[in-house]
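> Dropping the structure in here first, questions after.
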């Protein structure tokens, strides 16, 4: 297996302009983040709100322009691409957003939503596009008879399937899943997770799975990176990282997961901020398992 | 359309009852009904609501106002919107004391600081003067808990108290609620969609589906021997087991309240469905020594019916 995507020293600053009563400030949302994703794997990016995981995902597609760093996709640095080249590259790199309620245009029929990427990239004649849209609908487990419905006529799980059909329209090899099931009902989450796993196998997809649900990440990801205050503090094979977390933040995070078992032993580990060395670099603590300690 | 239908449960002194359900299952409406805070045109169409021997549905507005806050209090889901952004948090805590306890301003201020300290807010003397936006989400939720505890209620209703919070903060808030409950001998009604939160916090559980309580029982029984196929399927669908394996998903989706299927609302998704399920909504049957389930599988009269296996429901 070779790396499909290599991220090196990615940085994103946000500046807050000086206001009437305050000086301008600079926030480093993503702070020197490096990781690589192998072809065909599901790479998990976990962290709490404000940790920078969503910003990282968006920087990879340049939906947010990173401040510095490299994003190599199939060996080429996406950050250097001029506009037109970037648009072509995005055919191969897609994203599914968290909220299926706000990420679909309520005034567009499902057909138009799924077809839009094909239209933008001028792919196929009308009839071919129609056939492709119906095929995509079936692929994600929706009934093509419902293509002319509007988003509000679908349930949350079905809407997320529409978002997925749209992301897959251009046959991408890499898909960023940004909290793909967290807005869904518990009983529907498993359906969508299964669909994602089936599609990965069928279409040989590579996923970046951004999530805060650690139980789910443990289930679907082959490797995981843990973000804390803009930095990756720990990264490694899922089994190794969950079994033997090394960084104080990872330990606290894993111990906080509520276990759906009343008899499970609970040992809460609290994060002692003093125990975090903000300047520590990632070092290998076990095979392929790195921690900034 | 009924958002909540024929819901009955009891909470004992010092007990935590967890109500678990998905969106639209009626768990929040149940909470609002207890406080008689259902917004018109919604209304409580019938039933009894006994609190310490009095039926709250028969109280006039003034008496009900006394119960709210002083007898029963409510912690809302969204700490960002439940606090008033233009008042200092100390004043918002003090307000409940001024209203319900006729405390003087000075007493109320002192008590507000005490309460902030009780909910583990560091430097409460300074924080009492903060506005909500100056506090983090976890701190705001602590302030809301302090407000809920201000008048020493005997029952606290917490509606998704940790849903908007990160998991490490969630753990702290759940620990705090548990401590407060035992320190003050409170009864706690905890409403959540998260089975993990239920497992960690509740003594007894009520599982809601499509406006009804479909199963009740002690937390251990519910997780070990779920009596209702919905509870069973929900537990089975959780991630866990062999990584990378398909999850045991429940087919279909939650029905809309104005379009419920005939009979048991879960029957179109139920792997154990048999003849009676589509005829009428099932009543409560005993599913264990302290467990009830609204499911014909537990009807003693239909013992002859094939008791289907506990295996996974069909996958999608």
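Every number here is computed from the coordinates shown, using simple stated rules; none is lab data. The model shown is predicted, which means the values in this text are computed figures rather than measured ones. In this analysis, Cβ positions are derived from the backbone assuming ideal geometry, glycine residues included, and neighbour counts consider all displayed protein chains.
> I'd like the antiparallel share, as a percent to the nearest 5, of DSSP beta bridges with both residues in the protein assembly as shown.
55 percent
> So for region B:192-253, Kirkwood radius off the Cα pairs, Stokes-Einstein at 10 °C and 1.306 mPa s: how many µm² s⁻¹?
Taking Rh from Cα pairs, D becomes 127 µm²/s.
> Now, a different point. Report, for chain B, the % of DSSP beta bridges that are antiparallel, rounded to 5.
40 percent
> Could I ask something else about it? Can you give me the angle between helix A:110-120 and the longest principal axis of chain A, using Cα atoms only, in degrees from 0 to 90, rounded to the nearest 10?
Helix A:110-120 sits at roughly 80 degrees to that axis.
> What is the calculated FRET efficiency for residue A:11 to residue A:127, with r their C-beta to C-beta distance and R₀ = 51 Å, to the nearest 0.05?
0.65
> OK, next. Kirkwood hydrodynamic radius, computed over distinct alpha-carbon pairs, for region B:174-214: how many Å, to one decimal?
Numbers: mean 1/r = 0.0883 Å⁻¹.
Value: 11.3 Å, from the Cα pair sum.
> Using 0.36 nm times the number of residues separating residue B:122 and residue B:8, minus their current alpha carbon distance, what extension gain do you get?
Numbers: separation 114, 0.36 × 114 = 41.04 nm, distance 4.06 nm.
That pair, residue B:122 and residue B:8, stretches by 37.0 nm at full extension.
> On a 0 to 90 degree scale, rounded to 10, what angle separates helix A:156-168 from the longest Cα axis of chain A?
Long axis of A:156-168 versus the principal axis of chain A: about 80 degrees.
> Scale the Cα Rg of the protein assembly as shown by the rule-of-thumb value 2.2 N^0.38 Å and send over the ratio, two decimals.
On the way: Rg = 25.9 Å, N = 609, 2.2 N^0.38 = 25.2 Å.
So the Cα radius of gyration is 1.03 times the expected 2.2 N^0.38 Å.
> If you take the beta carbon distance between residue A:77 and residue A:18 as r and set R0 to 30 Å, what does 1/(1 + (r/R0)^6) give as a FRET efficiency, to the nearest 0.05?
Plugging the Cβ-Cβ distance into 1/(1 + (r/R0)^6) gives 0.35.
> Report, in whole Å, the centroid distance computed from the Cα atoms of region B:133-151 and region A:142-191.
Each part reduced to its Cα centre gives a spacing of 37 Å.
> Follow-up. Please give the FRET efficiency for residue A:171 paired with residue A:263, using the beta carbon to beta carbon distance and R0 = 41 Å, rounded to the nearest 0.05.
The calculated FRET efficiency here is 0.30.
> How would you classify region B:41-171 from its alpha-carbon gyration tensor, with a ≥ b ≥ c the square roots of the eigenvalues: rounded for a/c under 1.5, else prolate if a/b is greater than b/c, otherwise oblate?
oblate
> Measure out, as a whole number of angstrom, how far apart the alpha-carbon centroids of region B:162-195 and region B:41-64 sit.
What the calculation gives is 26 Å, centre to centre.
> Would you work out if chain B is rounded, prolate or oblate? Take a ≥ b ≥ c from the square roots of the eigenvalues of the alpha-carbon gyration tensor; rounded if a/c is under 1.5, else prolate when a/b is larger than b/c, oblate otherwise.
Note, shape of chain B comes out prolate.
> In addition: I'd like the mean, over residues of A:252-258, of how many other protein chain beta carbons sit within 10 Å of each residue's own Cβ. Please report the intermediate quantities before stating the final value.
Numbers: counts 3, 4, 2, 3, 9, 6, 14.
Whole-number average of other-chain Cβ neighbours for A:252-258 is 6.
> Then there's this: Using only Cα atoms, tell me the angle between helix B:105-118 and the longest principal axis of chain B; keep it within 0 to 90° and round to the nearest 10.
50 degrees
> Would you compute, from DSSP H runs of 4+ residues alone, the mean residue ellipticity of chain B at 222 nm, taking -39500 (n - 2.57) per run and dividing by the full residue count, rounded to the nearest 500?
So the helix-based figure for chain B works out to -9500 deg cm²/dmol.
> Further question: So if I restrict to the alpha-carbon atoms in chain A, what is the Rg, and what is Dmax, the biggest pairwise distance, in Å?
In Å, with Rg to one decimal and Dmax whole: 20.1, 63.
> Let me ask another. Of all DSSP beta bridges located in region B:108-234, what percent are antiparallel, nearest 5?
On the way: 6 of 11 bridges.
Percentage antiparallel, nearest 5: 55.
> Can you compute the modelled spin-label distance between residue B:54 and residue A:36, with each label point 7 Å from Cα toward Cβ, in nm?
7.1 nm
> Using packing as a proxy for protection, rank A:16-28, B:85-97 so that the peptide with the highest average count of other Cβ atoms within 10 Å comes first.
Per-residue Cβ counts within 10 Å, averaged per peptide and sorted highest first, yield B:85-97, A:16-28.
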